[in-house]
Amino acid sequence: MFWGYDIFLPVVWLLLAAGIILLIDLFSDEPDKVQMPLFFTAIGGALLSFVSLNPYWNAPPVQPHFNAVQVDQFSAYLMAAILVGTAISMFASLSYVRRIGVSLADFLITLLLAASGMLLLTVSNDLIMLFLSIELLSFSVYVLTGLNSRSSRSAEGAMKYFIMGGLATGFMVMGMGAIYAVTGEVGLREIGRRLFALFAQPDGSEIMAVLGMGAVLISFAFKVGAVPFHSWVPDAYEGAPTTVTGFMAVAVKAAAFGALIRLAIVAFPDNAGVQGFTGDFGWASWALWALSAMSMVLGNWFAISQRNVKRMLAYSSIAHSGYLLMGIASAGASTEAYAAILFYLLAYTLMTSGAFAMLVYASSGGKDIESVDDLRGLAWKKPAVGIGMAIFMFSLAGIPLTGGFMGKYFLFSQAIDAGGRFMWLAILGICTSIVGSFYYLRVVAVTYFREPDDRPIHGRDDWGIKFALSLTVLGTVYLGISPTWAYNAAREGVAQLQQSAVVVVEAPRKAPPALVEKP
Amino acid sequence: MDNLFKNPEVLLWLVPLLPLLGSATNGLFGKRFNIASSGAIACGAVVGAFIIALSLFISRVSQGITIQSIGYNWMVVQEAGFAVSFRLYADQLSMLMTLIITGVGSLIHIYSVGYMGHDEGFARYFSYLNLFCFAMLMLVLGDSLVTLFLGWEGVGLCSYLLIGFWFKERKNSDAGKKAFIVNRIGDFGFMLGMFLIFWHFGTLSYMDDPFVPGGLYRIVAENSHGHMDLNLINWACVCLFIGACGKSAQIPLYVWLPDAMAGPTPVSALIHAATMVTAGVYMIARLNFIWVHAEAALQLVAIVGAATALFAGTIGLVQRDIKKVLAYSTVSQLGFMFMALGLGNYPVAVFHLFTHAFFKALLFLGAGSVIHSLEHTLGHGNPDSQDLFKMGGLKKKLPVTCMVMIVGSCGLAGIPLFSGFFSKDAILYTAFELGSAMGGGINLGYIVWAMGVAAAVCTAFYSFRLIGLCFFGKWRGADAAYAHAEESPRSMTLPLAILALAAIGAGYLWMPAAWLNYAPFSDYLAPVFAAGQEHLHHNHSVFALHAEHSADSIAREWVNMIISSVVAIGVSFFAFSIYSSPKGVAREQALASGKMGAPYRLLLNKYYIDELYQILFVRPIQILSDVAFVMIDVIFIDLILVNGSAMAVATGSRIARRVQTGVVRHYLYAFAAGAAILLALFLFVR
């Protein structure tokens, strides 16, 4: 159908919705009256996009158009997570963006464009597509960060993010150029094949290849906010409108880690190569080890001293990037680390976007929640804040019966399975999570055990935010109680991706490998 | 939907979930309810569960069809082959327990409406009581040791909450804590036992496990001929028995149960007599197919059970508090049940559990009725309202209560034709028969039998001492209390009457073989114990039960029956004749101050066991915890962790401020430096 272009349907729906919103906004005289149509157009676009993922579950991968994209269950899983994050962000923003004086149309259009960039990133199967979708996503997110034109902090955060992002993009282009120079290919599978042959029989150009792959990895480390490329995170998270922060934290991470895993499996061979081409960052395992360890330690440590909730959650997001990078680092030596990452991303999407939506909900009726102290005693004035915040914080801290616990359990157990230095990484992760639970539980303690201030609660909460909160609370608890389904889907997706990559049969060391391609 | 609820696999879930729902309703919205609506919700939930259980019993289980409910596997660990399977399994045994819990539970809930009507915390009370029913039903209905353990902990929690229900008095909350701590010791053993069983068999489910099809039943049956580490199974069973000692109040962990009488009296009837304390008995009967392989552990159970029966029985002889008498009697009767289990006669243990549930609940509720009528004048929590020496002659004031208490005491004492006679006699006969089967003079069977008969003497004595002191003779307390004492309301006497009928009738479900070959109870339970018995018969074990009766065994049964009947009737009559006369109390006090003073004080002070535990365990632990407080709390936590972490945080924020300057130029430096280091790592460190 549609000459094979139907694999773009998920993206097309989002872009179509963005276009319609643009037109409605352009031709309407009274912006107040079209709020609901705008909102429902956006939600409808996300919903249709979600529905159009349906053909890719339990189906073989599809790769039309010069293999520029590959749609498979792996990407469908990530796209679902991204769309859920996007939808939650939209629901939570229903009246929030107006309260902070941002036009709903601007917000929705940019959000939809960012989401379409993310969807494309998860399916990109060659370097050009990868670059284009990353740029589409990045520029949209820069704009989203600076959307609050009344706030100087918003503008500051956006500016810093943009400048740093420019540097990261430079690294990415440089790295891609190096890879192209060595292999002469842009398709990920072809690159993988060439690189594999190269590493089996090095001729000196493999140094160039490693530098290229490393530069690409560094730019992704920037996107997920790993230490030491994290410095934009606190400023951008604090400055951006709260619902945008939630979106940035979850969706950008999901898309970036998705692309990283695809690169690892399809394009980047491990350095030994004889065990079979399953793909990992074996050549970068110490670097990833260091990135992960630094992110976990510094993210959790710095978060403790933050009084501003959004900055605290920013550092927490750095720490969570560290946990996820542990999965990437240990993937070569364990069997299901990638599946654990996918599951973690899903759980992380629900709990983090829920936590940010909760900040919006808690701050209804006047001043925004900024400092942790602004939450004091709120559980008694607004019981839903107490319970919901407790569930999200428990989940972020990794306390059982929540999705966050199951995610950490899967990730850490994979790292322990991998053994050796990855086991130490897992032990470090467990220790830092214990430290991290301090600042998460402090939020819960403040909402319950501190005397409430006399600020009145006024202003009605719209149904959108209530819906977003219900969805995230239920989802977080569901994943904690019954993780099996989501985890198995992730495992199947990763297995499918691994099968679609090139497989080496019986390759002796230092001998030309026999290549067998699996359909 | 219609079909869904006709499906027994789904319907079975309603049995535990209805009380949970009732508990949640009363717990969340209780403040808006009055006693009528609160009581209606709680009673409705349990009665509803009883009706569903009864319909399932009639349509399925009584016809030999077991029910395995739909379920859910949680925490599936593929590599280890471990999953917590939440399923319910209703076979003959668990269904019987379900009927006891919901049936007796219903009556006690109804009774509570009258008893707790004037207490302001009634919604909290009913919420706890319903929650207890839920946990107890999960304990018996769950298809794995994990659900059993969850229920086990749940009933422990509810017991703690209800013992300390009137927590404003320190004595009551202390009793709650004591129960909780002593049970934790037992639970530790129970967990060890569970781990050992999982280690050996790879599953904890009885019937259905995602990784081990057929669960423990199948895996034990397949390995029953020499493929098991019997040593390990013995140890596992000993560990499980430690858990049972805690929950079912056996030596050495029985000390919490007498103190647990601090709770409201209906709670004592439901939790500390009829249901929760029998959890240990249920657990061993449930796992009988494993226990038959652990003969050493079984003999330990038999000896501990007999010792407890005798020991607690003697303490019960001299207690003055009406509820304490009944509490020690419960400990003693539980000892009888464990005796039967240890001798390998599981169905008889369950039978005694069954009859005991009725007559002991009846006695507690009757005692509650007495206390209720006296508290009316004496005030709530006045110890005089429970002091037998300050009662007497209440027969005229409380005729119904007196009648039913006499029925209950006849059951407890084992007077022929009352239910306790049939079940206790069967236990003693089991011991006697085993003694003759083992041969060789004095052996385990005869020793246990002798201890059991001695315990039965005590039982008969204190039962009728209680009746005599409470209802006959002359009133010895404050006159106002007697003048205003009146029979309890209908909501309390009706459950008493029903329980009295059950306390008489329950015994006739299993007639002694010497009289009549009529035993529907044991026929009904036979499939539960079939696998274990088959193994015993295969090995020609003396512990195997024999269905056919020889002339010799009938003769032995007659001998045993005549001995125990004569003892029961004679001792009961003796005790009653002393204590129903006005001089009874004076004679006991004369005895106590006379030359029998030393043994009397020994019994009155419960053999000084509490004091002994105080010296042996509590004081050393207090000293240890004082040391630990200084070492760990003051030095390690306060000095190192708290101050240390404060310092770490301060350093962290200083570094964070230094790093996070907000100046983009610095960010770029960090980026470039990080990239350079990483690229070096890529190239040179692999």
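Filtering B:Leu14, B:Leu28 for residues that are under 30 Å from B:Tyr115 (Cα atoms), in a helix (DSSP H, G or I), within 14 Å of chain A (Cβ to nearest Cβ) and not aromatic (Phe, Trp, Tyr) leaves a single hit, B:Leu28. Considered as a group, the residues in the stretch A:156-180 that are within 23 Å of the chain's Cα centre (by Cα) and more than 13 Å from every other protein chain (Cβ to nearest Cβ) include one that is farthest from A:Ser140 (Cα to Cα), and that residue is A:Met176.
Only residues that are within 19 Å of B:Ser522 (Cβ to Cβ) and either in contact with a Phe, Trp or Tyr (Cβ under 7 Å, 6 or more places away or on another chain) or small (Gly, Ala, Ser) (or both) were counted in the stretch B:415-436, giving 10. Summed over the stretch B:460-476, the residues that are under 34 Å from the mean Cα position of the chain (by Cα) and either part of a loop (DSSP other than H, G, I, E, B) or at positive phi (or both) give a count of 1.
Got a sec? Which of A:Leu47, A:Leu38 is surrounded by fewer than 20 Cβ atoms within 10 Å (Cβ to Cβ), at pLDDT 85 or above and in contact with a Leu (Cβ under 9 Å, 6 or more places away or on another chain)? Show your work before the answer.
On the way: A:Leu38 fails: surrounded by fewer than 20 Cβ atoms within 10 Å (Cβ to Cβ).
The conditions single out A:Leu47.
The residue of the stretch B:166-182 that is surrounded by the fewest Cβ atoms within 10 Å (Cβ to Cβ), among those that are part of a loop (DSSP other than H, G, I, E, B) and of a type in the set (Phe, Trp, Tyr), is B:Phe167. Run down A:Phe277, A:Phe281, A:Phe268 and say which single residue is closer than 15 Å to A:Ala415 by Cβ and at pLDDT below 85. One residue alone meets the criteria, A:Phe281.
When A:Phe438, A:Phe422 are screened for being more than 16 Å from A:Met312 (Cα to Cα), of a type outside the set (Lys, Arg), touching a helix residue (DSSP H, G or I) at 6+ places or on another chain (Cβ under 7 Å) and not in a loop (DSSP other than H, G, I, E, B), only A:Phe422 passes. Checked against the criteria, A:Leu346 does not count as surrounded by fewer than 24 Cβ atoms within 10 Å (Cβ to Cβ) and either under 30 Å from A:Ala76 (Cβ atoms) or within 12 Å of chain B (Cβ to nearest Cβ) (or both).
Checking each residue in the stretch A:221-246 for being farther than 19 Å from A:Ala290 by Cα and more than 10 Å from chain B (Cβ to nearest Cβ) picks out A:Ala236, A:Tyr237, A:Glu238, A:Gly239, A:Ala240, A:Pro241, A:Thr242, A:Thr243, A:Val244, A:Thr245, A:Gly246.
Taking the stretch B:546-568 as the region of interest, how many residues are surrounded by 16 or more Cβ atoms within 10 Å (Cβ to Cβ) and within 31 Å of the chain's Cα centre (by Cα)? Lay out the reasoning, then the answer.
If we filter the stretch B:546-568 for residues that are surrounded by 16 or more Cβ atoms within 10 Å (Cβ to Cβ), which is where we start, we get B:553, B:556-557, B:560-561, B:563-565, B:567-568.
Filter once more, keeping what is within 31 Å of the chain's Cα centre (by Cα): B:557, B:560-561, B:563-565, B:567-568.
Within the stretch B:546-568, residues that are surrounded by 16 or more Cβ atoms within 10 Å (Cβ to Cβ) and within 31 Å of the chain's Cα centre (by Cα) number 8.
Might you let me know whether the stretch A:195-210 holds any residue that is under 28 Å from A:Tyr161 (Cα atoms), free of Cβ contacts under 8 Å to residues at least 60 places away in the same chain and either within 12 Å of chain B (Cβ to nearest Cβ) or part of a helix (DSSP H, G or I) (or both)? So that I can check it myself, show each step before the final result.
In the first step, residues of the stretch A:195-210 are kept if they are under 28 Å from A:Tyr161 (Cα atoms); the result is A:210.
Keeping just the survivors that are free of Cβ contacts under 8 Å to residues at least 60 places away in the same chain gives none.
The answer is no, given that none of the residues of the stretch A:195-210 is under 28 Å from A:Tyr161 (Cα atoms), free of Cβ contacts under 8 Å to residues at least 60 places away in the same chain and either within 12 Å of chain B (Cβ to nearest Cβ) or part of a helix (DSSP H, G or I) (or both).
Does B:Leu624 satisfy being assigned to a helix (DSSP H, G or I), at pLDDT 80 or above and away from every other protein chain (no Cβ under 14 Å)? Against the criterion (assigned to a helix (DSSP H, G or I), at pLDDT 80 or above and away from every other protein chain (no Cβ under 14 Å)), B:Leu624 qualifies. Among the residues making up the stretch A:309-341, those that are within 12 Å of another protein chain (Cβ to nearest Cβ) and surrounded by fewer than 24 Cβ atoms within 10 Å (Cβ to Cβ) are A:Arg311, A:Gly332, A:Ser334, A:Thr335, A:Glu336. Looking at the stretch B:60-81, is at least one residue of a type in the set (Val, Ile, Thr) and either out of contact with any strand residue (DSSP E or B) (no Cβ under 8 Å at 6 or more places or on another chain) or on the phi > 0 side of the Ramachandran plot (or both)? Yes: one or more hits. Checking each residue in the stretch B:584-629 for being acidic (Asp, Glu) and surrounded by fewer than 14 Cβ atoms within 10 Å (Cβ to Cβ) picks out B:Glu611, B:Asp626. Answer yes or no: is there a residue in the stretch B:631-640 that is part of a helix (DSSP H, G or I) and either within 7 Å of another protein chain (Cβ to nearest Cβ) or charged (D, E, K, R) (or both). Yes: the stretch B:631-640 contains one or more residues that are part of a helix (DSSP H, G or I) and either within 7 Å of another protein chain (Cβ to nearest Cβ) or charged (D, E, K, R) (or both). Within the bounds of the stretch A:213-220, is there any residue that is closer than 22 Å to A:Met118 by Cα, more than 10 Å from chain B (Cβ to nearest Cβ) and part of a helix (DSSP H, G or I)? Yes, because at least one residue in the stretch A:213-220 is closer than 22 Å to A:Met118 by Cα, more than 10 Å from chain B (Cβ to nearest Cβ) and part of a helix (DSSP H, G or I).
Restricting the first member to the stretch B:517-541 and to residues that are farther than 19 Å from B:Glu295 by Cα, and the second to residues that are β-branched (Val, Ile, Thr) and at pLDDT 85 or above, the beta-carbon pairs closer than 7 Å and six or more apart or on different chains are B:Leu525/B:Val350. With respect to the stated conditions, B:Ala53 fails to be within 14 Å of chain A (Cβ to nearest Cβ) and closer than 29 Å to B:Val528 by Cα. When each of B:Ser550, B:Ser541, B:Ser581 is tested for being among the small types (Gly, Ala, Ser), closer than 29 Å to B:Val318 by Cβ and at pLDDT below 85, the lone residue that passes is B:Ser581.
On the basis of being over 30 Å from B:His380 (Cα atoms) and more than 14 Å from chain A (Cβ to nearest Cβ), does B:Leu148 make the cut? Steps first, answer last, please.
Numbers: over 30 Å from B:His380 (Cα atoms): yes; more than 14 Å from chain A (Cβ to nearest Cβ): yes.
Yes.
Against the numbered list (1) within 14 Å of chain A (Cβ to nearest Cβ); (2) charged (D, E, K, R); (3) exposed (fewer than 12 other Cβ atoms within 10 Å of the Cβ), B:Arg657 comes up short only at (3).
Scanning the stretch A:474-506 for residues that are buried (at least 16 other Cβ atoms within 10 Å of the Cβ), hydrophobic (A, V, I, L, M, F, W, C) and modelled with pLDDT of 90 or more yields A:Val477, A:Leu479, A:Ala486, A:Ala489, A:Ala490.
Any idea which of (1) crowded, with 24+ Cβ neighbours inside 10 Å; (2) of a type in the set (Val, Ile, Thr); (3) over 23 Å from B:Leu545 (Cα atoms) is the one B:Val350 doesn't satisfy? The one condition B:Val350 does not meet is (3).
The values are calculated or read from the model by the stated rules, or taken from the named source; none is laboratory data. If you're wondering where the values come from, they're calculated on a predicted model, not measured in any experiment. No Cβ is skipped: glycine too gets one built from the backbone with ideal geometry, and neighbour counts run over all protein chains shown.
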